[in-house]
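Contents: one structure, followed by commentary.
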Amino acid sequence: MRNRRWFPGLRAALALAACAVAFGASAEPWPSKPIRLIVPFPPGGSTDILARPIAQKLSQALGQQVIVDNRGGAGGTIGADLAAKSAPDGYTLLMGHIGTLAVAPSIYPHLAYDPVKSFAPVSMVATVANVLVVNPSVPANTVGELVAYAKAHPGKMSYGSGGNGSAAHIALELFKQRTGTDIVHVPYRGTSPSVTDVVGGQIAMTMTGVPPVLPLIQAGRLKALGVSSLQRVEALPDVPTIAESGVKDFEATQWYGIVAPAGTPEAIVAKLNHELREILGSPEIRERMKSIGAVPSPTTPEEFARHIRTETDRWRAVIQGAHMKAG
């Protein structure tokens, strides 16, 4: 245990040396051109909000532009499939998250990629609590009041998500299971349009990551009833957890991480991991994430791979219990 921090540093140093050897004889050492970071959702959602500062810092660290490429649709699986089928040369990366890497296999019976076999994990980036928000017209100011109202009006309320299998979808299906409520799911092509319709009153609620809804909560355009983590969120200190509001042990946090197409050289993966750990450890990025309710969570590639497998098993039971389907 005493060498836990030493080994990742040594591994990174050896990998950087290997990278220099591997590409030193080439006329174009990596990276020699811009890198594409696919965000499998439209602009404005948590994945996009987290990806952009990371891309900016990676650009500075690598000396090449890292371009965010938004490819939304099908709960993030369209963009993820595009990344999976890209050349494993270090010039295409994916900002994956809980939906695309852990939930999709259980909800899409004919998924075109395998989250384990199709990607080389690089590092987790952040964990983010979801927050349950409702339109101000909804007659509930607490989780308990919302549950009571939903039970009094079964099938009459609706919630939006960023698509089938998205973080909001699985979080609210878990909430429905735990509370015995009947709330209708309305899938969208990303978080931003679903939030827009909650604000506009077309749907009653959503439960999504803090970053895209924090300004709307602060402006009074959405009511925050509870957060999905087991501890309160520093950016929303007055909002109780759903667990402390009476839904015992409720937890449904989002997580995000960068992966590369399977077959990407280990030296490139290790270099990217090294740079990401430096970026996520910087005071600037830590403070920026803190301000939007995110927690920097760098890992080794091996740790990230284990996390993906563990989360896949955990959410499979929720999905099967809710009879969730892709369409």
In terms of the ratio Rg/(2.2 N^0.38 Å) built on C-alpha atoms, what value belongs to segment 141-183?
1.13
With DNA, RNA and ligands ignored, accessible area of Asp182 (1.4 Å probe; Å², nearest 10):
80
Which pairs in the list Lys117/Lys325; Lys290/Lys325; Lys85/Lys176; Lys33/Lys85; Lys117/Lys290 are over 27 Å apart, alpha-carbon to alpha-carbon?
Lys290/Lys325; Lys85/Lys176; Lys117/Lys290
Which residues qualify? For Ala235, with a placed amide H closer than 5 Å and at least 5 residues away or on another chain, they are Gly293
Measuring from a point 7 Å past the Cα of Gln202 along Cα-to-C-beta, which residues in segment 209-225 have an amide N at less than 18 Å?
213, 222
For segment 286-327, max minus min Cα coordinate along each principal axis, in Å, sorted largest first?
40, 26, 16
Could you state the angle between the C-alpha long axis of helix 167-179 and the longest principal axis of the C-alpha atoms of the chain, as a value from 0 to 90 degrees rounded to the nearest 10?
40
For segment 132-286, the Kirkwood Rh over every pair of distinct alpha carbons, in Å, works out to 16.9
P(r) over all Cα-Cα pairs of segment 56-141, 5 Å bins from 0 to the longest distance, whole percent per bin, short to long, reads 2, 11, 19, 20, 16, 11, 8, 5, 4, 2, 0
Grab the eigenvalues of the alpha-carbon gyration tensor for segment 219-269, scale each by 5, take roots, and send me the semi-axes largest first in whole angstrom.
35, 15, 9
Full-extension gain in nm, Arg286 to Gln320, via 0.36 nm per residue minus C-alpha separation
8.6 nm
When the Karplus curve 6.51 cos²θ - 1.76 cosθ + 1.60 is applied with θ = phi - 60°, which whole-Hz ³J(HN,Hα) does each residue of segment 282-299 get, with x for Gly and Pro?
6, x, 4, 5, 4, 5, 5, 5, 4, 5, 10, x, 10, 10, x, 9, x, 9
Hey, what does the equivalent ellipsoid look like for segment 86-131, semi-axes from the Cα gyration tensor as sqrt of 5 times each eigenvalue, largest first, whole Å?
20, 17, 8
In debye to the nearest 20, the charge dipole size for segment 77-196, taken about the Cα centre with +1 at each Lys and Arg Cβ and -1 at each Asp and Glu Cβ, equals 200
For segment 308-324, Karplus couplings with θ = phi - 60° (6.51, -1.76, 1.60), whole Hz, Gly/Pro x:
4, 5, 5, 5, 4, 5, 5, 7, 4, 5, 5, 5, 5, x, 8, 6, 6
Nearest 10 degrees, 0 to 90: helix 191-200 Cα axis against the chain principal axis
30
What percentages make up the Cα-Cα pair-distance distribution of segment 54-202 when the bins are 5 Å wide from 0?
2, 8, 15, 18, 17, 13, 10, 7, 5, 3, 1, 0
Between rounded, prolate and oblate, where does segment 214-327 land on the alpha carbon gyration tensor, with a ≥ b ≥ c its root eigenvalues, rounded for a/c under 1.5, else prolate if a/b exceeds b/c?
oblate
So what is the relative contact order of the chain, in percent, for Cα pairs below 8 Å that sit 6 or more residues apart?
26
Heavy atoms of Trp30 accessible to a 1.4 Å probe, total area in Å² rounded to 10
20
Sequence of His110, His323 from largest to smallest accessible area, 1.4 Å probe:
His110, His323
Would you mind classifying segment 54-94 by shape? Square roots of the alpha carbon gyration tensor eigenvalues, ordered a ≥ b ≥ c; an a/c under 1.5 is rounded, otherwise it is prolate if a/b is larger than b/c and oblate if not.
oblate
Square roots of 5 times each gyration tensor eigenvalue, C-alpha, segment 182-254, largest first, Å
21, 15, 11
Students often get this wrong, so try it: which of (i) 70, 66, 35; (ii) 60, 45, 39; (iii) 70, 41, 38 is Cα extents along the principal axes in Å as calculated from the structure shown?
(iii)
Beta bridges per DSSP with both ends in the chain, % antiparallel, nearest 5
65
Mind checking the angle between helix 46-62 and the chain's longest principal axis? C-alpha axes, 0 to 90 degrees, to the nearest 10.
20
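The values are calculated or read from the model by the stated rules, or taken from the named source; none is laboratory data. None of the values given here were measured: they were computed from a predicted structure. Ideal geometry is used to build each Cβ from the backbone, glycine not excepted, and the neighbour counts take in all protein chains shown. What goes into the accessible areas is simple: the full protein's heavy atoms, side chains included, and nothing from ligands, DNA or RNA. Shrake-Rupley method; radii C 1.70, N 1.55, O 1.52, S 1.80 Å.
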